[in-house]
Each structure stands twice: as structure tokens, then as C-alpha cells.
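Shown next, in C-alpha cells, is the structure this report addresses.
What follows draws every value from the coordinates through simple rules; no lab data is involved. All values reported here derive from a predicted model rather than from experimental measurement. Because the Cβ atoms are built from the backbone with ideal geometry, glycine has one as well, and the counts that use them run over all protein chains shown.
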Amino acid sequence: MREIVILSGKGGTGKTTISGSLAVLASNKVMADCDVDAANLHLLLKPVTRSSFPFYGMPKARINREKCLECYLCVFRCAFEAIEPGLVVNESRCEGCAVCYHTCPCKAVEMVEHVAGRLHISDTAYGPLVHARLGAGEDNSGKLVTAVRREARRLAEEEKKELIITDGPPGIGCPAISCLAGVDLVLVVTEPTLAAKHDLERVLDLADHFGCHAVACINKCDLEPAITQEIERLCRQRSVPVVGELPYDEKAMEATKKGQPVVELGGPLAGQITALWREVKKILGKR
Amino acid sequence: MIVAVASGKGGTGKTTVSTSLALVAAEKGKVCFLDCDVEEPNAHIILKPRLSGQEAVRVRVPVIEQERCTLCGRCADVCAFHALVVLPQEVMVFSPMCHGCGGCWHLCPAGAIHPGWREIGQMEEGECGKIRFVHGRLKVGEAMSPPLIRAVKQRAQAGALNIVDAPPGTSCPVVAAVEGADFCLLVTEPTPFGLHDLELAWEMVSQLGIPCGVVVNRSDGRDEPVEEFCRTRNLPLLMRLPLDRDVARGYARGIPPIAVHPAWKGHFRELLHAISERAGLKCAKS
């Protein structure tokens, strides 16, 4: 089984647009949406939920005031200033480390299970999709990414799928890192803006840091040809193959507005994405 | 006063809006720009600050004194983040997993663990014209951005308009960036993606009890779903920027929209005015 993850560094370069089209083009695969705090792939793939279950994040501390002697040791020991002066736990600051639980001399602290989001396994016209929704303002996005990927892998094994295509989050932090463990290929979607180029370099550094093989795709490549050339040069210097250059096409925006994978609309852009997928498959096959 | 600019979805125009707002506000008053998208900071590309200072931002991490360690395994048992592994000969620390809670050094029965430091990124500061500029750069491979975001925010200046450029998403880094703001602008685009993530961002900001307003970027005049959303949530739609190829090309090369179309300055002045009225505080008069 192979797994490919789509990252970008900068948000809004077209990760989900491309993932949605790869969902149409690739056969015998499981799709996974790992942009768990702002998941969008389901808006294109129109999933019907097969099963859905709660995702438990780190537990939260709770102080039982009947047992509490008000020694305030927990307040002093909490590194996250999560226990407020009235000995009430501020749940949004509590990281679930349980230092208060372990240090309380009168065992007045309990660690309570905390539902931080939901995980869904769904069917789409293009095969199964694993996706999730992290509760607003929650931490543990990396942990949820790991849970989504674990489900996708289990499903792929169960249903004998050869491939997992993962739509990743923007950035290079916790959820992006959680997308990288054990992947076969990272497809970085960039665009010809100085900001996207800056962010591309940091994602490529991240892929290197974790020993992952990366390829790049330049979206809206004709918007600013001079920067596209700079990105091509950068990729050449770093031996990162550019597997596709997609022209700006208003059809892409139209398709997104209709909630449809752009490749289904046909036209030159669809052709270019199909060529991109062929190229990615070739590289994936060699690895 | 602190104004945060957030979005949920990435690439909707947070940095475009926050930098233009800073440039316009700086014509009249004191402005401090805090780029809190420390995973992928981009505001410097537009504001081009002259950076004069750099500071490492560090978090706590355990240091094991192997000669005192009895390999009892208590540290690994209490570590909720699986950052410690007890091997037959030594205890290993996986620093990127560590949250710096101190469980291991507080609870080690042999007193063999003490807190040390680990660098998670750099904070850089400087000036661009009259704007004070600060941003953070998370070290590549480092998972935890909130401590760096909080460090950047500590540079907020009293008596100035502090503009926080938040990271995309709705989880803990965004909370760290937006927390404590007097007002939050939510930048969206008229697509189902933009609207879906606007709703998530609004939920997060409302939970924090921060008043907010919406900016529609790349509007093609058909923004009914966003308008409807704002109406039902009683959210003010404060500004609409049209889809404009020249602005997009300017942004690509690091040129702010108000330099491409000086007439757009008026939009941002009005936005500033609307924000200061709604935040209920005095800020740079526009």
C-alpha cells in the first residue's frame, strides 16, 4: 500500500482542489482529509456517512472541592496556568498533562475524558473517505490527524485498496508533521507568489527533516511567470521534481463554487491535472 | 487595542488585509504589527521591515542526570505526551513531543531530572516606516507553535494599535493568537470552502468572547451565502474587496493592494473606523 500526502505550507494554494480531482482520477484508493481544523474535501466529494465516532483528546483535570484542602500545590505546579485562583480548571488552557493529578496530596484531582472532535468514515462516488472535525479552539490536531490516518490505513487494508491520498493542512507545525510519518510521497502545491515560494521552502525543509520524498506542483503558474521560473529554479536546485504546472482557469473557481471536483468539468485544466496524476503515479511506482 | 485577523481557511487574504490595515493606520497613529503565523510568516514580504533584533524563544524540557537515574520508569509513566522512553541503560527524551509540563522533574523519586531549555524558534523585530514589526519563525520540525505565538504577542505595545496576523485553522495556535484581542476580523472568500471555514472560525472566536466582523475578499458580487451567514449570526460585514487581477499580481510580488490601487485606502480607513467603534475603545483616529 502506498500513501501520498498533499501539503503546501501557505494556505489557499489549491491543496483541496487538487485532492478533489485526484479522488476522481485515482482508482482503488482511500481518501483522507487531514486538515482536521478546517476540513473541506467533503464539500467536493459529497460523502454519505457510514460510521462516525467521537475523538478523545487529552483528558481535562477536574478538582473535587470536597476533597480539596486548598493547598494550591496544583496552581503552583501547573505549567499552563490552567488552574484559576478559585481552584477552577480553565479547560481551554488545560493540556491534560496530569501534573496536578499526580501531585495533589489529597487526591482531589480527577482526569476526565474529553471529546475533542468527531471522526467519520464515509462513502463517496469516488470511494471511501475518512474525515474529521476538531472542535473549535481545541488542541490535539496532530493526534486527530494520526487517528484519521490510522483509520484510512485500516480501511485500505480491509478493502484491499492500494493507495491512500491524504489532503493535508497548511503550515509546518503539529498537524503537518503528523501527516508525514511513513508516507511514500509528499506533493507540495504551490503558486507563483513570493509568500507561497517562501512557505514552499519551509515545507521542503520539513519533508527533508523527516526524510520524506517531495514533488511539487505549481498552481496558477501563468499568474506571475517570473516567480514560476524562480520556483522552478528552486526545485531544480533542491532536486525536487515539478510534476505539474497548472494554468489559472476561472473554471476552477466555478467548480469550487458548485462543490464539484474541477477535473469533472473537462477542458485544458482537467487535461493538465490528468497529466500531473500520471506523473505522480510514475514516481510513486518507482519508489 | 489589539485587533486580530483570522480566517479558518488559509489563503483568503489575512495578510493582505492585516498589512494594509497597518499601513493605513500608521498614517495617523502608533501601530505595532505582530505576525503570529509563526509556521509560515509572510507579512514581512509585504511590509519589508528593517529587522534589528533577534531573540531565541525557548521552552522547558527535561534533562536526565543518567548517573542519578535508577531507571525506575516513573517519568515515562507520568508523561502524558509519551516524550520519555526508559531503555535498559538510559532514559531517552523525545523533545518535540514534550509539552514542558514538568511532571517528570517534579515526580522523579531519585531527583535525577531537572528542567533545561529547548529552542523552538526565533522572534525577530524591527521597523517599517512608522510601524513597529515583530514576527516569529518556528524552527522546522518543531510541532508546538503556541509558546512562540505568545512570545510574539508579549511585544504588543500599550497605547498603540496592535495588529495580530493569525495563522489559518481553528485550533490551539489560532486560539493563542486571537486570545486577548479586543476585536477579531474574519477574512473569507465567496466559495463554499471559505464559508464553511468562516463558520468554524466564528465559533472559535465567539467561544473566546471576542467581538468580530467579516471581510469578504475576492468578491465577485455574488456573496449571498456569506451575507446570509452574517445576517443570521448578527455579524457585521465590514468590508468587501473585489476580485482584481492587478491586486493579485501585486500581492504575488509583495506589493500591498493600497499601493496598487491608492483609492482602496478609503476602504481600509472605513474598516479601521468601524473596528474602533465596535471594539468600544479609542484607537488611532481615522
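Values computed for the structure shown
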read-out	value
Computed FRET value (nearest 0.05) for B:Phe94 with B:Arg58, which takes r as the C-beta separation and R₀ as 22 Å	0.80
Fraction of alpha-carbon pairs over 20 Å apart in segment B:171-286 - percent	48
Cα-based convex hull, segment B:136-211, per residue volume (Å³, whole number)	105
Taking the convex hull of Cα positions in segment A:74-161, its mean projected area over all directions (nm²)	7.5
Anisotropy class of segment A:60-113 from Cα gyration tensor, a/c 1.5 cut	rounded
Coordinate range along principal axes, alpha carbons of chain A, Å, largest first	71, 40, 36
Total charge dipole magnitude, segment B:179-247, about the Cα centre, Cβ charges on Lys, Arg, Asp, Glu only, Debye to nearest 20	120
Two-decimal ratio, the protein assembly as shown, of alpha-carbon radius of gyration to 2.2 N^0.38 Å	0.97
Restricting segment A:42-89 to trypsin sites (Lys or Arg not before Pro) in coil, as DSSP defines it, with at most 12 other Cβ within 10 Å	A:Arg65, A:Lys67
Cα-based equivalent ellipsoid of segment B:59-119: semi-axis lengths in Å, sorted from largest, via gyration tensor	16, 12, 11
Where a label projected 7 Å from the Cα of B:Arg253 along Cα→Cβ would reach, residues of segment A:229-257 with amide N under 15 Å	A:229-230
Charge sum, other residues only, whose C-beta stays under 9 Å from B:Gly53's C-beta, Lys/Arg counted +1 and Asp/Glu -1	-3
J(HN,Hα) series, segment B:21-35, from Karplus relation 6.51 cos²θ - 1.76 cosθ + 1.60, nearest Hz, glycine and proline x	4, 5, 5, 5, 5, 5, 5, 10, x, 7, 10, 10, 9, 10, 7
Cβ crowding within 10 Å averaged over residues, with A:94-104, B:52-62 ranked highest first	A:94-104, B:52-62
Rounded to 5, percent antiparallel among DSSP beta bridges of the protein assembly as shown	50
Computed Rg/Rh of chain B, alpha carbon atoms with Kirkwood Rh	1.07
Estimated [θ] at 222 nm from DSSP helical runs (n ≥ 4, -39500 (n - 2.57)) normalised by residues in chain A, nearest 500	-11000 deg cm²/dmol
Distance from segment B:68-141 to segment A:139-190 (C-alpha centre basis), Å	25
Folded to 0 to 90 degrees: helix A:15-25 orientation relative to chain A principal axis, Cα	60
Spacing of the two label points (7 Å from each Cα toward its C-beta) at A:Glu230 and A:Leu73, in nm	5.8
Alpha-carbon gyration tensor eigenvalues x 5, square-rooted, for segment B:96-233, Å	36, 20, 14
Sorted peptide list for A:226-238, A:14-26, A:177-189, B:137-149, criterion being average Cβ within 10 angstrom, highest first	A:14-26, B:137-149, A:177-189, A:226-238
Which of A:Leu194, A:Leu163, A:Leu180, positive extreme of dipole for chain A (C-beta unit charges)	A:Leu163
Centre separation in Å (Cα based) which lies between segment B:161-201 and segment A:39-65	20
Projected label distance in nm at A:Ser239 and B:Gln207, using a 7 Å step from Cα toward the beta-carbon	4.5
Selection from B:Ala25, A:Tyr248, A:Ser92 lying farthest towards where the dipole of the protein assembly as shown points positive, charges on Cβ	B:Ala25
Hypothetical label at B:Glu277: residues of segment B:222-244 whose amide nitrogen lies under 14 Å (7 Å Cα-Cβ projection)	B:236-239
Added length on full extension, which subtracts the Cα-Cα distance from 0.36 nm per residue, B:Ala110 to B:Val85	7.3 nm
Residue-span extension gain [A:Glu201 to A:Leu87] - 0.36 nm each, minus C-alpha spacing	36.5 nm
Average other protein chain Cβ within 10 Å of Cβ, residues B:33-43	5
Residue-averaged beta-carbon neighbours from other chains (10 angstrom radius) around A:248-259	2
Semi-axis lengths, Å, segment B:1-51, gyration tensor of Cα atoms, sqrt of 5 times eigenvalues	18, 13, 10
Helix-only [θ]222 nm of chain B, DSSP H runs n ≥ 4, -39500 (n - 2.57) each, per residue, nearest 500	-9000 deg cm²/dmol
Fraction of the pair-distance distribution of segment A:1-124 above 19 Å, Cα-Cα pairs, percent	61
Charge dipole (debye, nearest 20) of segment A:60-113; +1 at Cβ of Lys and Arg, -1 at Cβ of Asp and Glu	140
